[in-house]
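Reviewing the structure listed below.
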Amino acid sequence: MRYRPLGRGPLEVSELSFGTWLTAAGGIAREQAIRCIHAALDHGITLFDTANQYGAGEAERVLGEALRAYPRGRYLIGTKLYFPVGGEPDHGLTAAQIEKQLNRSLERLGVDCIDLYQCHRYDKETPLEETMRALDRAVREGKVRAIGFSEWTAEQINAAAAIASDRSLIPFSSSQPQYSMLWRKPEAAVFPACARHGIGNLAFSPLAHGVLTGKYAPGQPPPPDSRAANDKMNMFMETAGRHYRSASLLAGVARLKPIAEHLGLTMAQMALAWVLRTPEIASAIIGATSPEQIADNAHAVGVTLSAEILERIDYALDGAIVWQ
């Protein structure tokens, strides 16, 4: 495993991080989820990403249980808030909500400090300065080490950086955008904004909901053990069904297979190496339903894709990219 600084903040993260949205929130059995978390640690992964909303708090509980046997200095925990948790109606990024949800996350995780506390989305109903001051207070109280956000626009990023600078508040050090060969939207404005403000990026869905593993074939039903076949795990694939399971997209992904074979890589390894080639990326967040998937993905670390290979990838995906 290799490690990169997360923006200008205090954290250094593994090039692959482990996400718990599917693994620890009920998508697979609890015991299997814990085995996957332990396998991630065994392969040098240090950052574990979760959220208070995942499984109505269950993902945080499972992650905390899995990590409890390991020294606290061996891993980093990143969690998030914004969405309602369980049946509760309250949500957002008010100062009161941040204080309440942070304390609940600390309790579920069984730790006294969260390494990375992230705004799961932007809250248009709460003044940004209120959010920034509450996060600043959490860091100064020792409950949080660094702060970040997920899926914010460049304009929102710039506004937060200006408030932090003008009010002498703790600035954001991480962004968590969706990013993959098939979803390149952050390249246009988010990555440049983050670079200007010293913010590192944690890419979620780097395998495009598993599509870039090559397991899905045009016109064929999904494998029975795949995400697409599991109603607990396929909701976003179904929402974007006209994109991620379309015949044209899957045909484009199939054209990547000979490129990966030429390199001696699996398609997943090549897709992860493609994400990690980006200097703005600190880490790619992977999920897994088995320890073997983690071992396979770990081989992507240290792979360099030449300019020629990158051109071949773009040519193969012509007409298949969801968001250029």
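Available extension along the chain between ALA159 and ALA295 is 45.0 nm, counting 0.36 nm per residue and deducting the alpha carbon span. Taking every C-alpha pair closer than 8 Å and separated by at least 6 residues, the mean separation divided by the residue count of region 1-122 gives a relative contact order of 23 percent. With neighbour counts taken as other beta-carbon atoms within 10 Å, the residues MET267, MET1, MET132 rank, fewest first, as MET1, MET267, MET132. Amide H to amide H distances under 5 Å link VAL13 with ARG4, LEU6, where only residues 5 or more positions off or on other chains count and H is placed in the peptide plane. Under the criterion of Cα pairs below 8 Å and six or more residues apart, the relative contact order for the chain equals 20 percent. Ranked by the mean number of other Cβ atoms within 10 Å per residue, highest first, peptides 160-172, 41-53 order as 41-53, 160-172. For the chain, lysine pairs with C-alpha atoms less than 29 angstrom apart, excluding pairs fewer than eight positions apart on the same chain, total 16. A simple rule links phi to the HN-Hα coupling: the Karplus curve 6.51 cos²θ - 1.76 cosθ + 1.60 with θ = phi - 60°, which for region 43-53 gives 9, x, 5, 10, 9, 10, 9, 8, 7, 4, 7 Hz, with x for Gly and Pro. Each of the GluC sites (Glu not before Pro) that DSSP puts in a loop and that has at most 16 other Cβ atoms within 10 Å breaks the chain; the longest unbroken stretch is 142-324. In the P(r) worked out for region 3-316, what percent of Cα pairs fall beyond 24 Å? Considering region 3-316, 52 percent of its Cα-Cα pairs are separated by more than 24 Å. The listed peptides 86-92, 317-323, ordered by packing as a protection proxy, come out as 317-323, 86-92 (highest mean of other Cβ atoms within 10 Å first).
By the gyration tensor of its Cα atoms, with a ≥ b ≥ c the square roots of the eigenvalues, what is the shape of region 108-216: rounded for a/c under 1.5, prolate for a/b over b/c, or oblate? Oblate shape, in that a/c is at least 1.5 and b/c is the bigger or equal ratio. Only the Cβ atoms of Lys and Arg (+1) and of Asp and Glu (-1) were treated as charged; on that basis the dipole of the chain about its Cα centre amounts to roughly 200 debye.
Axis of helix 154-167 versus longest Cα principal axis of the chain: the two differ by about 30°, to the nearest ten degrees. Rounded to the nearest 10 degrees, the angle from helix 128-140 to the longest Cα principal axis of the chain is 80 degrees.
Quick note: the coordinates plus some simple rules give every number you see, no bench work behind them. Nothing here was measured: the structure is a model prediction, and the numbers come from that model. Reconstructed Cβ throughout: ideal geometry from the backbone, glycine too, with neighbour counts over all protein chains shown.
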